[in-house]
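A.B. asks: Shown below is the structure under consideration.
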Amino acid sequence: MSAQPADVSEIDDPASLIDLERYPIDALDSPRCKALVAEIRRAMATSCICALPDFLRPAAIARMVAEAEALEPLGYRGPTEASPYFFNYRTGDLDALPPDHPRRRKTPRRMRQIAYDLIPPTSAIAQLYHWDVLTRFLAAAADVDRLYRSADRFQALNISVMDEGGCQQWHFDTNEVNITLLLQAPDAGGEFEYVPLIRSAENENFDRVRRVLDGERAGVVQLSQQPGMLVLFKGHHSIHRVAPVRGKRRRFQSILAHNTRPGVVGSLESSILHYGPRVREQTALAHAEPGAR
């Protein structure tokens with residue numbers, strides 16, 4: 001199964017997936033959309049996050065959940081614990097650091113992820129991701145001249161799956177702005193938690209990060225997401241996690257990767273960690289000379 005970029009003209013109208021009455025993203029120059037963009041920019045500037053509830057229509061949510069359930073067996077579990085830094089922020093030789101240093105600390109990670117190449121281009125989430133109208137709106141909301149969809153065949157778009165007890169470790173993002181859609185909320189738990197701007201380009205603030213990893217709750221902000229909610233979040237300097245899921249209903253969320261530069265591809269090491277050994281094999285096949293298979 002492959003999900004390379006699809007021509008929107010070959011699939012359903014993505015406009016039907018969004019509540020355009022509430023969020024008129026297809027009319028960027030209209031007064032209502034300009035006001036929406038200004039509101040998002042203010043929220044991002046003051047609190048590093050903006051949540052848009054009911055961004056998706058109920059029928060779109062139902063379709064995306066059904067598609068996620070069908071794809072769920074393809075999810076790769078990955079590591080059961082991980083550092084806040086993954087591969088996105090190298091900060092020296094780990095062996096030279098004390099055992100309690102945040103770079104050497106790991107917190108629980110219990111989730112599965114469905115890679116982009118396993119998501120069919122005809123799926124609703126892929127249709128939405130490839131809709132240029134959405135990309136232009138997100139660029140305006142993020143206050144950048146232009147955004148580009150990721151060129152990574154594994155990382156561009158994904159669906160995360162959390163069963164009962166599922167969670168995501170405290171971590172920082174690679175991108176300055178992360179864009180997510182919650183498709184299905186669990187019975188309880190699964191809240192998005194973050195500490196805004198805990199570090200900067202000038203100061204890693206390891207002491208404060210250590211306290212968060214130790215369980216300190218001071219400064220932790222909690223966002224309870226509802227299905228269909230679009231979230232824009234500055235996660236490169238803000239440590240964040242997903243709290244443990246409770247109940248039998250799975251938590252489904254999708255990350256829609258965008259970059260300010262075209263052609264951006266994530267590290268192979270990161271893709272293998274998140275999506276499994278098959279990534280190495282698929283990458284080798286993609287780079288093989290004609291006839292090498």
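A.B. asks: Average projected area of the Cα convex hull of the stretch 137-245, in nm²?
C.D. replies: 8.1
A.B. asks: Let me ask something additional. Compare the peptides 28-38, 191-201 by average per-residue count of other Cβ atoms within 10 angstrom and give them in order, highest first.
C.D. replies: Those peptides, ordered most packed to least, come out 191-201, 28-38.
A.B. asks: Same structure again: In straight Cα distance, which aspartates and glutamates are under 16 Å from Lys234, not counting same-chain residues fewer than 8 positions off?
C.D. replies: Counting by Cα, and skipping residues close in sequence, Lys234 has these aspartates and glutamates nearby: Glu39, Asp143, Asp173, Glu176, Glu193, Glu204.
A.B. asks: Okay, moving on. Give me the percent relative contact order of the stretch 145-293, please, defined on Cα pairs under 8 angstrom at least 6 residues apart.
C.D. replies: Numbers: 278 pairs, mean separation 65.2, N = 149.
Over the stretch 145-293, the number comes to 44 percent.
A.B. asks: Using every pair of alpha-carbon atoms in the stretch 17-89, split the distances into 5 Å bins beginning at 0 and state the percent of pairs per bin, rounded to integers.
C.D. replies: 3, 13, 12, 13, 13, 15, 15, 11, 3, 0
A.B. asks: OK, next. Treat every Asp and Glu Cβ in the stretch 16-143 as -1 and every Lys and Arg Cβ as +1, leave all other atoms uncharged, and give the resulting dipole magnitude about the Cα centre to the nearest 20 debye.
C.D. replies: 420
A.B. asks: Turning to a different aspect of this structure: Return, for the Cα atoms of the stretch 57-130, the radius of gyration and Dmax in Å, separated by a comma.
C.D. replies: Calculated on Cα positions, Rg and Dmax stand at 17.9, 53 Å.
A.B. asks: Relative to the Cα centre, what is the charge dipole magnitude of the stretch 185-293, using +1 at the beta carbon of each Lys and Arg, -1 at the beta carbon of each Asp and Glu, and rounding to the nearest 20 debye?
C.D. replies: For this selection, approximately 380 debye.
A.B. asks: So, with +1 on the Cβ of K and R and -1 on the Cβ of D and E, and no other charges, what is the size of the charge dipole of the stretch 118-239 about its Cα centre, to the nearest 20 debye?
C.D. replies: Once rounded to the nearest 20, the dipole reads 260 debye.
A.B. asks: Compute for the chain: radius of gyration divided by Kirkwood radius, i.e. Rg/Rh, restricted to C-alpha atoms, rounded to two decimals. Spell out each step's value before the answer.
C.D. replies: Details: Rg = 18.9 Å, Rh = 19.8 Å.
Using Cα coordinates only, the ratio equals 0.95.
A.B. asks: Right, another one. Kindly provide the helix-only [θ] at 222 nm of the chain, computed as the sum of -39,500 (n - 2.57) over DSSP H runs of four or more divided by all residues, to the nearest 500 deg cm²/dmol?
C.D. replies: -7500 deg cm²/dmol
A.B. asks: In the stretch 229-290, if every C-alpha pair distance is counted and binned at 5 Å from zero, what percent goes to each bin?
C.D. replies: 3, 10, 14, 19, 21, 14, 10, 5, 3, 1
A.B. asks: Select from Ser150, Trp170, Gln184 the residue farthest towards the positive end of the dipole of the stretch 149-226; place +1 on Cβ of Lys and Arg, -1 on Cβ of Asp and Glu, and compute about the Cα centre.
C.D. replies: Ser150
Where a number appears in this text, it was derived from the coordinates with a stated rule and is not lab data. The shown structure was predicted, so the numbers you read here are calculated from the model rather than taken from an experiment. Please note: Cβ atoms are built from the backbone with ideal geometry, for glycine as well, and neighbour counts cover all protein chains shown.
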